[in-house]
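The values are calculated or read from the model by the stated rules, or taken from the named source; none is laboratory data. This structure is a prediction, so every number in the text was calculated from the model and none was measured. With ideal geometry, Cβ positions are generated from the backbone for all residues, glycine too; neighbour counts draw on all protein chains shown.
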């Protein structure tokens, strides 16, 4: 979230799209009801299904799954055409005026530089035009045909209300009604929040969908302001913490990145990440990258990380390609990965194409499961009849099951969607032989290290030199780790302005990432968490909910990264002079000598607004980008591509270019491409989702939840039910080109047939929560059906859009 | 051919003969008496348990049955028992309860009936019109209680039936029970009032004078029947 | 756990006054307000109810709907009911209603109950079942206009929502209220809840729900569980919420006039007999009757 849960109550318009907050985030959804009840907010829900969120919405519009970019692109077009943009904000705080290189081009769904064989782009033309001073050229008049404003306007002219009706199946009047409501927040005193979740991320163009929505918010001036923002609702209670701490295979902590195999030089690695300002007097905060990186390396390798060895740069792996989930299971399936430590993960259920997962896991030599529950993955080798029809005799994988404690059985911090690190305390001892994940990992590490120390190996240094300063090496404590990721001074730190003064003594915890240094004198395991356990103690454990701001800015509650900041980009809540756009919902303001207010300023604290520093300090431009440059795989402006399994034969936006039917920059493994189904055989658009009664594949092990939703079902619309002679309560078989499931049919008015490109299209809704383990009635894993393809950037699987057929059993 | 209204079976014939030997007349065979008293006992128990459930003031009666829950458990079974035995009893006595023209005259002269002026009344058969009326009222009430009691029987039937029917059944059940209880009070009082009746239902026999006075037509029939069945002296 | 007897205002199958020394509770008693327009049907209230009351229903099946368990039961005292309704404009509405005991001011269950003290009404308005006095007859089901009580097949006792009388007695709100994430459930004095409802209704009217209103049916004397409905003119849209609930006339007759009338009539019948005996005396047979009988017998013997 750019903002935070409580801040949703300040919204005037709430858009829930690409998510179903009432269903999946009922506790957070309370802030939507607060906004409605006390701020007269209007709630808009756009979803293929009439969801629980829709049941309390003021306006609901149906949309075909996977076509959100068409909808949102048309919103952009509407806002630009009707001049419903917050002009002061957009001209000062975005790249509207920036000029783009002359050789940048877009035609029939493809950007310049496409390589059809490699399914990827040479992105060199996706860049601004720079002048002789090294800065980007701009045209404040916005008249230049290659300024971002003109290019964007041109790009989205094809995205019309008629196109929305044709591609999304959304009635034109509903679409226009929603546009009008959204446009009402283009004034400085009104704000719209957008709440989304996996309904956007789990598409082959998921990242671009989110980006399109962010562009809508920028046009309306809704980023950085109270009641606005792009608010990702995270699913698992600590999934935010997972990315923050760099558990993605290409990440280091705090969104620093692992080097690629071509980046053997430390200096080059830093230079390409410490962005220099692209406009005069911009902060470009990533210029401090080396401070974060060196402090991180000191946290990991301690004294072994020195200036001489580039802080242990050689200890880091250099990636030849991303090793995301899909890639890993592909390698497993090819027999190239034969051991798997599966920690807190149930991939047989949670990864696409269960058939491929079964085959992949069966090729492993060993599989270690660390989980509080007896997961499906841990028994992938066992025959559960039709629900898991495997022959155990043919599977040689050795499975070790290590029971772990769950969150309530240990201390630690969880990071929520609001980026708050909230400390929690152990409530009970873990049952039986269960141990904490820390203890298990500590045990495995210390034994591995001993083996490397005794036997050496090709390159044992990263293991044997790893800093492991914990009181009990086999069982580090949550507190030790928290102090480590927050960070401390390794030497006495001198005040840069007065070398005689010591600002921080050696060994002392640091108050924030501004104290980090690139000379090896500080250590911080995760720079954005720096200060969470500061010199005054554990700020994550704070529980002061007093709110002097009156707008829910409880800044003494827990710790929000970065720097305890609650609303990111909050400098943009003020006009260029430093005065709040909306005096009723004031976050920060310039008082003539400093920035301050109800939030921690996301800005240089003493920067006079007269000097023109932009509010988006992490961008070298200093402003927000409509033109995404080279950051995403598909191109600088989001473009609609059909899901990989689409009911359409051609992309209505670029009908002449077959390469632009699906995401041209997505990575698809050859066997998986063969496993895609065609609409002739699988005519219905399917989407998977969660129910409020359950949490993933966990709560089917819990009696209370099993009582509330005991048995697997799929949802089909009235019209499809009639067509196939299926009534509520009948059993149906739902098949994709990869397998089938059987479940009870819930025939509902809430899934209405849509008119798409002149044809009637039915959606099939598939809740995911059942499997062959647990207390609920045994069922099929929904991911038996889903395609093995991910988003072009995040590689998040396309669970939300695929093709199936439905038959009555 | 024997009189179809005469006691059936050899045991009863022996009983009748034994009565005659003592100059008495067999009015109720042992079999009939048994059925009557079984119905009577079932009635008393059903009525007491029913009353306990019917009116708060009488809830204390549930103590007789081991408390409220036991009362709730037993009442429907007692009621069912009462109905079943009564129907068996009714099978034996139904023929004698057919209304005849003289019964209507008897009923019209109810003032003579209640004032013990029997000499003014038409001759009466085995049962008088009052007894016949009671028979039919009891039959009707029991059928009513059965039909309304089943829907009210929560353990087995209520869940299959609409609540409206159960509500209607509840009130009809109460009315039927009320009529039945009042009728039985009349019935019991009549037995106390007409001396010799209790003996008839306990010991089975009445004196010829009792029969002559209260059921003269029946007395005549009995005499005829007795003469026919008496063995020849010579 | 029950409130103290001093707080009992009415008691089933009891013809005398209950302890009445305390002045009536303020604010019209307590009330739960269920705002169907804020409810997202998440079933947190169902879980809270099961957890607080230590209830565990069966793990059932899916019958083609979201509603689970399928119906109220002795172990499910509250239940979300889901109804899909199309408005005249063609827009779909998913009307979700938390079902459970309404805690009527004039409770049909209490009226129908034959067991003294099995059902009580507290001064704060809560209607509570005291299962130790329950005999399992099911009359409460017959009496209830909302089809709420359920009898356990295991112990044959009637169960329903207690409005967490145990929690309320010690100043806590009911468990469902505490669990509700959206504020669709609120609890307080009935007067306050009506004020809160009025604000909600005003908001709903501003959103085009012209018939938004409060469901506090007068037919049962008002209830201590009330609904805010978008369509207060059509309660039946909400999974058959009764339009005009009241204690059925059959039950009123059964538990009203029939009771004293029956006792009187039975007593009268018995007394009539007694006084007949006193006045008219027994109808006896004497020696003359026997002689007449002998005469008749002889005549008859000669006749053939």
Practice item. Output the residue which, of all residues in the stretch C:126-137 that are more than 11 Å from residue C:11 (Cβ to Cβ) and surrounded by fewer than 24 Cβ atoms within 10 Å (Cβ to Cβ), is nearest to the other protein chains (Cβ to nearest Cβ). Key: C:136
Check your understanding: Scanning for something more than 21 Å from residue A:241 (Cβ to Cβ) and either out of contact with any helix residue (DSSP H, G or I) (no Cβ under 9 Å at 6 or more places or on another chain) or outside any loop (DSSP other than H, G, I, E, B) (or both), does the stretch A:513-521 turn up at least one residue?
Key -> yes
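Results for (1) more than 14 Å from chain B (Cβ to nearest Cβ); (2) over 18 Å from residue C:73 (Cα atoms), shown as yes or no for each residue.
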{"position": "C:123", "(1), (2)": "yes, yes"}
{"position": "C:159", "(1), (2)": "no, no"}
{"position": "C:164", "(1), (2)": "yes, no"}
{"position": "C:189", "(1), (2)": "yes, yes"}
{"position": "C:222", "(1), (2)": "yes, yes"}
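Checking the conditions here, which among B:59, B:77, B:86 is within 11 Å of the chain's Cα centre (by Cα) and part of a helix (DSSP H, G or I)?
Numbers: B:59 fails: within 11 Å of the chain's Cα centre (by Cα); B:77 fails: within 11 Å of the chain's Cα centre (by Cα).
Being within 11 Å of the chain's Cα centre (by Cα) and part of a helix (DSSP H, G or I) holds for just one of B:59, B:77, B:86, which is B:86.
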Review point. Does residue B:192 satisfy the condition of being surrounded by fewer than 19 Cβ atoms within 10 Å (Cβ to Cβ) and touching a helix residue (DSSP H, G or I) at 6+ places or on another chain (Cβ under 6 Å)?
Key: no
Exercise for review: Determine whether the stretch A:556-568 contains at least one residue that is crowded, with 21+ Cβ neighbours inside 10 Å, on the phi > 0 side of the Ramachandran plot and touching a helix residue (DSSP H, G or I) at 6+ places or on another chain (Cβ under 6 Å).
Suggested key: yes
Check your understanding: Pairs, please: C-beta under 7 Å, at least 6 apart or cross-chain, first residue under 24 Å from residue A:8 (Cβ atoms) and in the stretch A:585-608, second at pLDDT below 95?
Key -> A:598/A:549
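Rundown of residues vs (1) within 14 Å of another protein chain (Cβ to nearest Cβ); (2) under 23 Å from residue B:136 (Cβ atoms); (3) surrounded by fewer than 18 Cβ atoms within 10 Å (Cβ to Cβ), yes/no style:
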site	(1), (2), (3)
B:42	no, yes, no
B:57	yes, no, yes
B:66	yes, no, yes
B:71	yes, no, no
B:91	no, yes, yes
Practice item. Among the numbered conditions (1) part of a loop (DSSP other than H, G, I, E, B); (2) touching a strand residue (DSSP E or B) at 6+ places or on another chain (Cβ under 8 Å), tell me where residue A:719 comes up short. Key: (1)
**Study point:** Unique match (being under 25 Å from residue B:53 (Cα atoms), in contact with a helix residue (DSSP H, G or I) (Cβ under 7 Å, 6 or more places away or on another chain) and at pLDDT 95 or above) among B:178, B:150
**Key:** B:178
Review point. Looking only at residues in the stretch A:36-47 that are surrounded by 23 or more Cβ atoms within 10 Å (Cβ to Cβ) and more than 8 Å from every other protein chain (Cβ to nearest Cβ), which one is farthest from residue A:196 (Cα to Cα)?
Key: A:41
Review point. Failed condition for residue B:171, given (1) facing chain C (nearest Cβ under 8 Å); (2) modelled with pLDDT under 95, with all others met?
Key: (2)
Review point. So, of the residues in the stretch C:62-77 that are surrounded by fewer than 23 Cβ atoms within 10 Å (Cβ to Cβ) and within 19 Å of the chain's Cα centre (by Cα), which turns out to be farthest from the other protein chains (Cβ to nearest Cβ)?
Key: C:74
Review point. Residues of the stretch C:45-61 being under 12 Å from residue A:709 (Cα atoms) and more than 7 Å from chain A (Cβ to nearest Cβ), which ones?
Key: C:58
Check your understanding: Pick from A:731, A:701: which is touching a strand residue (DSSP E or B) at 6+ places or on another chain (Cβ under 9 Å), modelled with pLDDT of 95 or more and either surrounded by fewer than 18 Cβ atoms within 10 Å (Cβ to Cβ) or at the interface with another protein chain (Cβ under 7 Å from one of its Cβ atoms) (or both)?
Key -> A:731
Review point. What pairs can you find where one residue is in the stretch A:69-87 and surrounded by fewer than 21 Cβ atoms within 10 Å (Cβ to Cβ), the other is part of a helix (DSSP H, G or I), and their Cβ atoms are less than 6 Å apart, with a gap of 6+ or different chains?
Key: A:80/A:153; A:84/A:183; A:84/A:186
Exercise for review: Name the one entry in C:123, C:105, C:83, C:112 that is surrounded by 23 or more Cβ atoms within 10 Å (Cβ to Cβ) and touching a residue at least 60 places away in the same chain (Cβ under 8 Å).
Suggested key: C:112
Practice item. Inspect all residues belonging to the stretch A:512-523 and state whether any of them is farther than 19 Å from residue A:303 by Cβ and loosely packed, with under 14 Cβ neighbours inside 10 Å. Key: yes
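For residues that are away from chain C (no Cβ under 11 Å), closer than 24 Å to residue C:81 by Cβ and surrounded by 23 or more Cβ atoms within 10 Å (Cβ to Cβ), tally how many sit in the stretch A:678-698. Steps first, please.
Within the stretch A:678-698, the first condition is being away from chain C (no Cβ under 11 Å), and the residues that meet it are A:678-690, A:695-698.
When the remaining residues are screened for being closer than 24 Å to residue C:81 by Cβ, the result is A:689-690, A:695.
Still in the running and surrounded by 23 or more Cβ atoms within 10 Å (Cβ to Cβ): A:689.
Count: 1.
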Review point. Can you find a residue in the stretch C:78-91 that is part of a loop (DSSP other than H, G, I, E, B), more than 10 Å from chain A (Cβ to nearest Cβ), in contact with a helix residue (DSSP H, G or I) (Cβ under 8 Å, 6 or more places away or on another chain) and modelled with pLDDT of 95 or more?
Key: yes
Point to revise | Scope the stretch C:265-303; condition more than 7 Å from chain B (Cβ to nearest Cβ) and farther than 30 Å from residue B:183 by Cα; matching residues | key: C:287, C:288, C:291, C:295, C:298, C:299, C:302, C:303
Check your understanding: In the stretch B:96-169, which helices (runs of 4 or more DSSP H) lie fully inside it and hold 3 or more residues that are surrounded by 14 or more Cβ atoms within 10 Å (Cβ to Cβ) and in contact (Cβ under 8 Å) with a residue 12 or more places away in the chain?
Key -> B:101-108, B:129-152
Check your understanding: Given the conditions (1) surrounded by 16 or more Cβ atoms within 10 Å (Cβ to Cβ); (2) out of contact with any helix residue (DSSP H, G or I) (no Cβ under 9 Å at 6 or more places or on another chain); (3) within 23 Å of residue A:277 (Cα to Cα), which single one is not true for residue A:50?
Key -> (3)
Check your understanding: Do you know which of the residues in the stretch A:743-757 that are within 21 Å of residue A:172 (Cβ to Cβ), touching a residue at least 60 places away in the same chain (Cβ under 8 Å) and not in a strand (DSSP E or B) is nearest to the other protein chains (Cβ to nearest Cβ)?
Key -> A:752
Review point. Somewhere in the stretch C:250-261, is a residue under 18 Å from residue C:184 (Cα atoms) and in contact with a helix residue (DSSP H, G or I) (Cβ under 6 Å, 6 or more places away or on another chain)?
Key: no
Practice item. Tally the residues that are over 13 Å from residue A:324 (Cβ atoms) and modelled with pLDDT of 95 or more, restricting the search to the stretch A:246-260. Key: 8
Study note, to complete from the structure: Checked pairs for the stretch C:237-257, first at the interface with chain B (Cβ under 9 Å from one of its Cβ atoms) and surrounded by 17 or more Cβ atoms within 10 Å (Cβ to Cβ), second modelled with pLDDT of 95 or more and part of a loop (DSSP other than H, G, I, E, B), C-beta under 8 Å and 6 or more apart or across chains, list as C:248/C:145
